[in-house]
Amino acid sequence: MNILIINGPNLNLLGEREVELYGTVTLEELMLWLENSPEAISHNFKFYQSNHEGDIIDFLHDERHWAQGIIINPGALAHYSYAIMDAIKTVHIPAIEVHITDIKKREKFRKASVIAPACIKQISGHGKYSYLEGLKLLTKE
């Protein structure tokens, strides 16, 4: 399966930002760990990170013919980006929304995701394993 792994704003600073919440693993280390996991062995990945909503939408549009699945950590965009939700719906590719922290146990504004309705499922609160759980669910392994 061809899978897009999309990370939104501020995730480029994983390992540095709020380590008490997000840990010390960098985004690059997390993506390498995921790509080398036993569950990933028969799949192809394109990794993307942007701090800009429109760039994420452009990436989804540009890769819509290659991708067969999406794992997206939209970061704070989860809480207000109807445009990303629409883009996921528009490309007709199964998507899983993931978050490193448990957004249901964070600030009030983080509890709801406008992107979740466009996704098969939302997984949060498992650290880097949120991505692995998303991969397992997406590929049904």
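The values are calculated or read from the model by the stated rules, or taken from the named source; none is laboratory data. Model, not experiment: these values are computed from the prediction. All Cβ positions, glycine included, derive from the backbone under ideal geometry; neighbour counts span all protein chains shown. Side chains included, ligands, DNA and RNA excluded: accessible areas come from the protein's heavy atoms. Shrake-Rupley method; radii C 1.70, N 1.55, O 1.52, S 1.80 Å.
Between K121 and E29, the simple spin-label model (points 7 angstrom out along Cα→Cβ) gives 2.7 nm.
Would you compute, from DSSP H runs of 4+ residues alone, the mean residue ellipticity of the chain at 222 nm, taking -39500 (n - 2.57) per run and dividing by the full residue count, rounded to the nearest 500?
Result for the chain: -8500 deg cm²/dmol, rounded to the nearest 500.
This model, with +1 at the C-beta of Lys and Arg and -1 at the C-beta of Asp and Glu, gives the chain a dipole about its Cα centre of some 580 debye. Computed over the stretch 38-109, the quotient of the alpha carbon radius of gyration and 2.2 N^0.38 Å is 1.17.
For the chain: lysine pairs with Cα atoms under 16 Å, gap of 8 or more or different chains, count?
Count of close lysine pairs: 6.
Which one, [x] 12.7; [y] 7.4; [z] 7.9, gives mean projected area of the Cα convex hull in nm² as derived from the coordinates shown? Read-out taken from this structure: [y]. Taking θ as phi - 60° and the Karplus parameters 6.51, -1.76 and 1.60, the scalar couplings of the stretch 103-119 work out to 5, 6, 10, 9, 4, 3, 5, 8, 5, 10, 10, 7, 7, 3, x, 8, 10 Hz in sequence order, x denoting glycine and proline. Backbone phi angles across the stretch 63-71, fed through the Karplus curve with coefficients 6.51, -1.76 and 1.60 (θ = phi - 60°), yield HN-Hα couplings of 9, 4, 8, 7, 6, 10, x, 9, 10 Hz in residue order; Gly and Pro are listed as x.
Answer rounded, prolate or oblate for the stretch 34-74, using the Cα gyration tensor with square roots of eigenvalues a ≥ b ≥ c: rounded when a/c is under 1.5, else prolate when a/b is larger than b/c, else oblate. Here the stretch 34-74 falls in the oblate category.
Tell me the per residue accessible area of the stretch 9-141 using a 1.4 Å probe; a whole number in Å² is fine.
52
Taking all protein chains in place and a 1.4 Å probe, what share, in percent, of the accessible surface of the stretch 60-138 do carbon and sulfur account for? Walk me through the numbers on the way to the answer.
Numbers: 1970 of 3660 Å².
Of the solvent-accessible surface of the stretch 60-138, carbon and sulfur hold 54 percent.
Once backbone amide H atoms are built at 1.01 Å from N, I3 has N44, F45, K46, Q68 as its partners under 5 Å, excluding neighbours fewer than 5 places away on the same chain.
Between S37 and D58, the C-beta separation translates, for a Förster distance of 41 Å, into a calculated FRET efficiency of about 0.90.
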